[in-house]
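I have placed the structure first, in the form of structure tokens, so that the comments after it can refer back to it.
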Amino acid sequence: MASQALIIMDAGGMDEKINEALRALACDVYKEILYSSMGRIGTAISTLENINAASPWNSTIEKLIAGFSVSCS
């Protein structure tokens, strides 16, 4: 079943999607290394970022971590 799905799937635009996923992974790894090197402060920032990503009221938390969190571009 899976092999048939791979054969008939549309692979158009897959390179861009793979590149985007790899950039996101690299950013996550970078942030994990950076935050873990910061000790408790890094753990707190990482936790706030996770809460921010999962919550519907994220604008309040965004303001709290705006100066501390890392954004990859």
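Rule-based calculations on the coordinates, nothing more; no lab input. None of the values given here were measured: they were computed from a predicted structure. Don't worry about glycine lacking a Cβ; one is built from the backbone with ideal geometry, like all the others, and counts go over all protein chains shown.
Between beta-carbons, use under 14 Å as the cut-off and find the net charge around T43, counting Lys and Arg +1, Asp and Glu -1.
Net charge in that neighbourhood comes out at 0.
Pop the C-beta distance of L48 and A21 into the FRET formula with R0 = 35 Å and round what comes out to the nearest 0.05. Spell out each step's value before the answer.
Working: r = 24 Å, r/R0 = 0.69.
Given R0 = 35 Å and the Cβ-Cβ separation, E is 0.90.
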